[in-house]
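Enquirer: Handing you a structure now.
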Amino acid sequence: MTAFCEQVVKKVKGSFPASRSLYVCANTICENKEVYMHPKSVRTRFAPSPTGYMHVGNLRTALYEYLIARSSDGEFIVRIEDTDQQRQTEGAEELIFTTLEKVGLAHDEGPDVGGPYGPYVQSQRLDLYPGFAHKLIDSGHAYRCFCDKNRLESLRHDAASEEYAASGYDRKCRNLSCHAVDELLASGKPYVIRQKMPLEGTTSFEDAVFGRITVDNSELEDQILLKTDGFPTYNFANVVDDHAMRITHVVRGSEYLSSTPKYNLLYDAFGWEKPEYVHLPLIIGEDGRKLSKRHGAVSFSNLVEQGYLPEAIINYLALLGWCPKENRELYSLEELCEAFSVDRISKSPSVFDYQKLEWFNGEYIRKMAASEFLSHCEPWLAQVFGTIPPAATLLAELLQPRVTRLSDIPDMIRFLAVHQQADVSLYTNKKSKSTLDSTIKVLPAVIEKLSGLSQWDRESIHDALISLAQELEMKNGQVMWPARIAVSGQSVTPGGAIEILLLLGKDESVSRLNKVYAFLSDQKEPS
RNA sequence: GGCCCUAUAGUCAAGCGGUUCAAGACGCCGCCCUCUCAAGGCGGAAGCAGGAGUUCGAUUCUCCUUAGGGUCACCA
């Protein structure tokens, strides 16, 4: 007992090295759970597989896991599920951590920060799983299966095989005699270990959002626990690790709903306490299908590239499938921790709505301090001007109420860097009472007036143009409209004539106006 | 196809048998503001999938139908 305690203490302090005695230790942990922990504390885990990109569905799962932990003062753990050797991607793990950091989901334990229940990468716990699998064989809850892939494949293609259709694998090896097994083992034939499902009866469990789920055991396949390469399947590693890491709330997408009974049977076989289950409704695309790459930008980095802010993404995701008690929508992460509760998670799948995300993004942009917005703009301004223009502050001020995605900025301001002649038809505008004739009439006066200005600021330009309208007995619009169109070359601009002139500077403005006037005069003459 | 799940406007959704019963938000439309567009303000159109049953009374409870989705891998 003393030795055990020492081991536990060592482990809690995190000084326990990842070694082959891990098996022994985990085994000890599992069988002495009362000694080992703080049963009250909520522990959730984000267990992504390092596939190289962070799907918003995964991010939302991570968010809810984080919120569940934080809202009850519990711990949030990150565990990497890399038991599929085929799917390893370079830098994938890194991406997971940078994403979590960008959105502010700080974890208490994980491969990068350590913790008392490590290692937190499944490929580093490989020597843990076979022992557990063999324990299950000993207790009669699992068996070795020597069927090769070809047989399974042909089983699957054999439509006549109703037995297979009923429960997946046909359980050929389930009742192999000891003698037969020994012989196969001796021959060195590779095998997997499968879970022995009960043939009759039902299994049910209580899900925090979906309620009671019951399935017939006859529906359950004798799933593979340990692959021929000695790696565990997700189905197995997941259960072993969730238990070993003392996870109290298993939070995941509802696509796992139908396999949860199998996991519970595993917990029962080991005699372990089962966790609470919180299955989340799926995030789907416009077409009603599970959101996937063909729906467009569905990874966190895609979204950021498209100009969405991490805070806006998180806020939107929080409200996608969960509804606060209070009738409001703008929540910071901290506020979400306060407000979140599992019982307000909805059951039906929700469509990922880019328009609504865009609205959130606009809200966050407008809420920003001007200086902060400016720094967000800078890379986009540099993209157009090659450098940060002197008028950046003014530009940002004009952009802030008008931008919904940062990536829209370049197209909105490109006209400032490159002057293009407006389509002649643009000079005709009913509301401003502007026509091509009035434009041709007013332009020389505008040029003259502006050229004569000694000051180039908002007020001077404003006064000059307004007084010009009065002098010519024209409406303000008849002056402002053509000036803006001429100088910008387009009908819609961020800011009015005065702002655009201000942005361009006196020399550039006058030069553009002259160019346009010359062009328009030429156009006019033939007719 | 078997099994499981879901079902309030185009979308996210409140509602958890009857004081207000169909909130609120995005989007859409209109008006105001206005040197364009935004932002902002005001207003509008738009919904309980269908059918039985329980009940004095169903959006709300039960069943059926229909429609969607998920899942049936040595993927997670």
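The values are calculated or read from the model by the stated rules, or taken from the named source; none is laboratory data. Quick caveat: nothing in here was measured; it's all calculated off a predicted structure. Because the Cβ atoms are built from the backbone with ideal geometry, glycine has one as well, and the counts that use them run over all protein chains shown. Quick note on the areas: whole protein, heavy atoms, side chains included, nothing else; ligands and nucleic acids left out. Shrake-Rupley method; radii C 1.70, N 1.55, O 1.52, S 1.80 Å.
Enquirer: Rounded to the nearest 5, what is the percent of antiparallel bridges among the DSSP beta bridges in chain A? Write out the running numbers ahead of the final one.
Expert: Details: 18 of 33 bridges.
Taking every DSSP beta bridge with both residues in chain A, the antiparallel ones total about 55 percent.
Enquirer: Hey, what angle do you get for helix A:92-103 against the long axis of chain A, alpha-carbon based, 0 to 90 degrees rounded to 10?
Expert: 60 degrees
Enquirer: A further question on this structure: Taking a 26 Å limit on the Cα-Cα distance, which of the listed pairs A:196/A:227; A:196/A:293; A:189/A:274; A:325/A:356; A:135/A:262; A:135/A:347 fall beyond it?
Expert: A:196/A:293; A:189/A:274; A:135/A:347
Enquirer: If you don't mind, another one. Based on a Kirkwood Rh over C-alpha pairs, give the Stokes-Einstein translational diffusion coefficient of the range A:295-389 at 10 °C and viscosity 1.306 mPa s in µm²/s.
Expert: This corresponds to a translational diffusion coefficient of 106 µm²/s.
Enquirer: Right, something else. Taking 2.2 N^0.38 Å as the expected size of a compact globular protein, what ratio does the Cα radius of gyration of the range A:423-471 give against it, to two decimals?
Expert: Working it through for the range A:423-471, the quotient is 1.25.
Enquirer: In percent, how large is the relative contact order of chain A, given Cα pairs closer than 8 Å and 6 or more residues apart?
Expert: Value for chain A: 11 percent.
Enquirer: Residue by residue through the range A:318-333, which ³J(HN,Hα) values in whole Hz follow from phi under the Karplus form 6.51 cos²θ - 1.76 cosθ + 1.60 (θ = phi - 60°), with glycine and proline marked x?
Expert: 4, 8, 8, x, 9, 10, x, 5, 6, 7, 8, 10, 8, 9, 7, 4
Enquirer: Please give the charge dipole size of the range A:245-307, origin at the Cα centre, charges +1 on K and R Cβ atoms and -1 on D and E Cβ atoms. Round to the nearest 20 debye.
Expert: With Lys and Arg at +1 and Asp and Glu at -1, about 140 debye.
Enquirer: A further question follows. How tilted is helix A:354-367 with respect to the longest principal axis of chain A? Cα atoms for both, answer in degrees (0 to 90, nearest 10).
Expert: Taking Cα atoms only, the helix is inclined about 60 degrees.
Enquirer: Sticking with this one: What percent of all Cα-Cα pairs in the range A:91-247 falls into each 10 Å bin, going from 0 up to the bin containing the maximum distance?
Expert: 9, 28, 31, 22, 10, 1
Enquirer: Given DSSP loops and a limit of at most 14 other Cβ atoms within 10 Å, what is the longest stretch of chain A that contains no such GluC sites (Glu not before Pro)?
Expert: Longest site-free region, per DSSP loop and neighbour criteria: A:327-472.
Enquirer: How large is ³J(HN,Hα) for each residue in the range A:379-395, as worked out from phi by the Karplus curve 6.51 cos²θ - 1.76 cosθ + 1.60 (θ = phi - 60°), to whole Hz, x for Gly and Pro?
Expert: Values, residue by residue: x, 6, 5, 4, 4, 8, 9, x, 7, 7, x, x, 7, 3, 4, 5, 4 Hz.
Enquirer: Just subtract the alpha-carbon distance of residue A:219 and residue A:189 from 0.36 nm times their residue separation and send over the number in nm, one decimal. Write out the running numbers ahead of the final one.
Expert: Details: separation 30, 0.36 × 30 = 10.80 nm, distance 2.91 nm.
Value of the extension gain: 7.9 nm.
Enquirer: Still on this model: For the range A:245-319, with every protein chain kept in place, what is the accessible area per residue (1.4 Å probe, Å²)?
Expert: 36 Å²
Enquirer: Then there is this: Show me the chymotrypsin sites (Phe, Trp or Tyr not before Pro) within the range A:229-298 that DSSP assigns to loop and that have at most 13 other Cβ atoms within 10 Å of their Cβ.
Expert: On the way: sites: A:234, A:236, A:256, A:263, A:267, A:270, A:272, A:277; in loops: A:272.
Counting only loop positions with at most 13 other Cβ atoms within 10 Å, none of the chymotrypsin sites (Phe, Trp or Tyr not before Pro) in the range A:229-298 qualifies.
Enquirer: Continuing with this model, one more query. How much space per residue, in cubic angstrom, does the convex hull of the C-alpha atoms of the range A:468-525 take up?
Expert: 92 Å³
Enquirer: Please report, to two decimal places, log10 I(q)/I(0) for the range A:428-527 at q = 0.12, 0.15 Å⁻¹ as given by the Debye formula with identical point scatterers on the Cα atoms and no solvent.
Expert: -0.33, -0.53
Enquirer: Taking the Cα centroid of the range A:477-505 and of the range A:174-218, what is the distance between the two, rounded to the nearest whole Å?
Expert: 74 Å
Enquirer: Could I ask something else about it? Could you give each residue of the range A:476-484 its phi-based ³J(HN,Hα) in whole Hz, using Karplus coefficients 6.51, -1.76, 1.60 with θ = phi - 60°, and x for Gly or Pro?
Expert: Whole-Hz 3J(HN,Hα) from phi for the range A:476-484: 3, x, 5, 9, 5, 4, x, 4, 5.
Enquirer: What FRET efficiency, computed as 1/(1 + (r/R0)^6) with R0 = 41 Å and r the Cβ-Cβ distance, is obtained for residue A:148 and residue A:287, rounded to the nearest 0.05?
Expert: 0.60
Enquirer: Compare the Cα positions of A:370, A:394, A:354 along the charge dipole of the range A:321-417 (+1 at Cβ of Lys, Arg; -1 at Cβ of Asp, Glu; about the Cα centre) and return the one farthest towards the positive end.
Expert: Ranked along the dipole, the leading option is A:354.
Enquirer: What does the range A:394-437 give for Rg and for Dmax, in Å, if only its C-alpha atoms count?
Expert: In order Rg, Dmax, the Cα atoms of the range A:394-437 give 14.0, 38 Å.
Enquirer: OK, next. Could you give the angle, 0 to 90 degrees to the nearest 10, between helix A:129-138's Cα long axis and the longest principal axis of the Cα atoms of chain A?
Expert: With both axes taken from Cα atoms, the answer is about 40 degrees.
Enquirer: Would you mind checking which residues have amide H under 5 Å from residue A:284's amide H? H placed 1.01 Å from N; only 5 or more apart, or other chain.
Expert: HN-HN under 5 Å from residue A:284: A:291, A:350, A:351, A:352.
Enquirer: Another question, then. At a 1.4 Å probe radius, carbon and sulfur cover how many percent of the accessible area of chain A?
Expert: In chain A, the share of accessible area belonging to carbon and sulfur is 50 percent.
Enquirer: Using Stokes-Einstein with the Kirkwood hydrodynamic radius over Cα pairs, what translational diffusion coefficient do you get for the range A:35-142 at 25 °C and a viscosity of 0.890 mPa s, in µm²/s rounded to a whole number?
Expert: 161 µm²/s
Enquirer: Using the Kirkwood radius over Cα pairs, work out the Stokes-Einstein diffusion coefficient for the range A:87-139 at 10 °C and 1.306 mPa s, in µm²/s as a whole number.
Expert: Estimated diffusion coefficient is 119 µm²/s.
Enquirer: Taking every pair of distinct Cα atoms and averaging 1/r, then inverting, what Kirkwood hydrodynamic radius in Å comes out for the range A:353-415?
Expert: Its Kirkwood hydrodynamic radius stands at 11.8 Å.
Enquirer: List the trypsin sites (Lys or Arg not before Pro) within the range A:431-527 that DSSP assigns to loop and that have no more than 16 neighbouring Cβ atoms inside 10 Å.
Expert: Answer in residue order: A:431, A:433, A:475.
Enquirer: Cα convex hull of chain A: mean projected area in nm², to one decimal? Can you show the working numbers first?
Expert: Values: hull surface 140.0 nm².
Orientation-averaged projected area of the Cα hull: 35.0 nm².
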